[in-house]
Amino acid sequence: MSSQSIILPTELTLLAKAHWPGPTDDGLPPIAGFTVSTFNPLVAEAAERCLSAYYGPAPGPGPTRTALLLTSGSGDLATAAAIAAASADTGRRMPPLLFFQSNPNAVLGHIAARWQLTGPVVATAPATPAAPGEVPADALDLAELLLDDGDADQVLLIAAEQAPEPHQDRAVALLLTSGN
Amino acid sequence: MTGTTTPAVPPVVTGLGVLSACGRGLAPLAEATVHGKAAFGPVPMSRFDVSGRRVRRAALLPDAPPLAEAVLTALGDACRQAAGSAPDRAADDSGTPLLLALHSDLGTARTAARIAEGARREWGIPGVTRVYTGACVAAGTAVADAAALISSGRARRVVVAAGHLVGAGVFAAFDAGRALARDGEVRPFSAGRTGTLLGDAAVAVVLESPAEAGRRGAPVLARLRGWGRSGDAHHVCRPVPDGNGLARAIDAALRRGGIAPEQVGYVNANATGSPLADQAEANALHRVFGGYTDRLPVSSTKGVHGHALEASALLELAVTIAALQSGTLPVNAGWTGQDEDCRLDLVLDQPRPTRPDFALTVNSAFGGANTALLVAS
């Protein structure tokens, strides 16, 4: 995978890494309460694999000052399209679950609650998107800034790109800390 | 335990541009919030069709331009103000980061590209560094990150801009989620509150190091003395009821500011009119301020300008700066009666004349995200 060639700034240390999909993966596990789109399961599964690789099963060691940093050029295309379609027709019912799903913080809250991650919750879109499965340089810069600024001891960085076809969705998650 | 320390060089605000339902500029926003003049009205068909919605009101800019144009107007106002009266000593913005906060939807990339192009053409700013899409803390996070860039010496000057124009999709989603106020008013911290109402806003601030501002003789509108970001680790969309997460963000901001809680003289609250979230926020303030909470003036101004989502933290930073400048604290509009679970020293009925040394503006969002900004005049 291309995600295995990530070059980290010297200020960052990689604790764990995971990606979606792996060679044998076939379909993302659903998350209760999230519908319509593969974006949120994509983000959650990459995070789950990364944190499990470092900590073992959830919830891990207990509360850690780990920031959640999501970067996505595509954003949640399917949810955005569903909201646009439902709102364009006032006679059509808007699914209530799309209310909280309409912003990317929601799935980060799911991950944070499951793994007791109490650091900043940050969702961004890079100015220059990376190729699917890669991590944009901007997100690494921001991870380094968050760690250096002191509100987090670790950063769980998730780069997720949703494609028109779910089998083309790509995500990579890195658990990062400061120093060497 | 946290790693936050008092920054050696806290940034200053030298430019501020704002468009809100109250009008263009800080003065009409300050006037409306100080006197609690709510800006809500029916959403006209010319904006979008709300005939199928339970709630049909919002706080809207009259004749709102496209979102990119609104943000560029605010950005231009901020940059002109920051240039001061000595344009011959204008800053070189060829390396200035532009941190942008927008809602994530099908138009985000297009809007960001238009803003980048306009900022480059008009102000020489090289582009949009990144877009913050994290709901109601998006702009607060961007300001905190801008402050970190400046205080660490990574940048001398950063522009933060944010925009949210009430649109059919988000409005319908909030309506379906029963998040909008059934009675058509936002009543932060009040008994009988039924939810929030959305509002338009486009806001921009120029933050820079005091040395850079001093070199150019730029006006110092306010000093950003502290900032904090935290997560609740509790739920997809509900805040942790005891306010622990927001309290940690406020603690971090106070620690960076190097001040005691009792030195804060005003809190511009996040309170949206949501039954659960307002109560959690009140609990957070009690956790941080203890017995002093009874004497700490608090108001949420969303009862005037509405909830501007990704732009809300920047809009409320503008309100907070106006309060520090004028020495008049804005009213917590919409309040009708005491909620015993939200016992605070709310600024009610009329503006309160006081000139605090420090003010806080706080925001919380889905995912348990929290930000706190500590401002001094």
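The values are calculated or read from the model by the stated rules, or taken from the named source; none is laboratory data. Note that the structure is predicted; figures quoted are calculated from it, not measured. Neighbour counts are summed over all protein chains in view; Cβ atoms, including those assigned to glycine, are modelled from backbone coordinates with ideal geometry.
The single condition from (1) assigned to a strand (DSSP E or B); (2) over 12 Å from the mean Cα position of the chain (by Cα) that A:A67 fails is (2). For the range A:70-92, the set of residues classified as more than 7 Å from chain B (Cβ to nearest Cβ), surrounded by fewer than 23 Cβ atoms within 10 Å (Cβ to Cβ) and under 20 Å from the mean Cα position of the chain (by Cα) consists of A:G73, A:S74, A:L77, A:A78, listed by residue number. For A:L14, the conditions (1) among the aliphatic types (A, V, I, L, M); (2) in contact with a strand residue (DSSP E or B) (Cβ under 8 Å, 6 or more places away or on another chain); (3) crowded, with 17+ Cβ neighbours inside 10 Å all hold with the exception of (3). Residues in the range B:183-206 that are more than 14 Å from every other protein chain (Cβ to nearest Cβ), crowded, with 21+ Cβ neighbours inside 10 Å and small (G, A, S): B:S190, B:G199, B:A201, B:A202, B:A204. Summed over the range B:143-177, the residues that are farther than 24 Å from B:L19 by Cβ and of a type outside the set (D, E) give a count of 11. Scan the range B:157-180 and tell me whether some residue there is more than 10 Å from chain A (Cβ to nearest Cβ) and at positive phi. So far as the range B:157-180 goes, no, none of its residues is more than 10 Å from chain A (Cβ to nearest Cβ) and at positive phi. Conditions: (1) within 24 Å of B:L180 (Cα to Cα); (2) touching a residue at least 60 places away in the same chain (Cβ under 8 Å). B:P44 meets all but one. Number of the miss? Failing condition for B:P44: (2). If you take the residues of the range A:78-92 that are part of a loop (DSSP other than H, G, I, E, B) and of a type outside the set (S, T, Y), which of them is modelled with the lowest pLDDT? Looking at residues that are part of a loop (DSSP other than H, G, I, E, B) and of a type outside the set (S, T, Y), I get A:G91. When restricted to residues that are more than 7 Å from chain A (Cβ to nearest Cβ) and within 17 Å of A:P59 (Cα to Cα), the range B:235-245 contains 0.
Whenever a residue of the range B:224-249 is farther than 13 Å from A:L117 by Cβ, its partners that are assigned to a strand (DSSP E or B) and of a type in the set (F, W, Y), lying with C-beta atoms within less than 7 angstrom and at least six residues away or across chains, give the pairs B:R225/B:F358.
Total residues in the range B:1-54 satisfying the condition of being outside any strand (DSSP E or B) and within 23 Å of B:V331 (Cβ to Cβ): the figure is 17.
When the residues of the range B:207-234 are filtered to those that are within 14 Å of chain A (Cβ to nearest Cβ), within 19 Å of the chain's Cα centre (by Cα) and not aliphatic (A, V, I, L, M), which remaining residue is surrounded by the most Cβ atoms within 10 Å (Cβ to Cβ)?
Per the stated criteria, the residue is B:G231.
Can you confirm whether B:V186 is within 18 Å of the chain's Cα centre (by Cα), of a type in the set (A, V, I, L, M, F, W, C) and assigned to a loop (DSSP other than H, G, I, E, B)? When the stated conditions are applied, B:V186 passes them.
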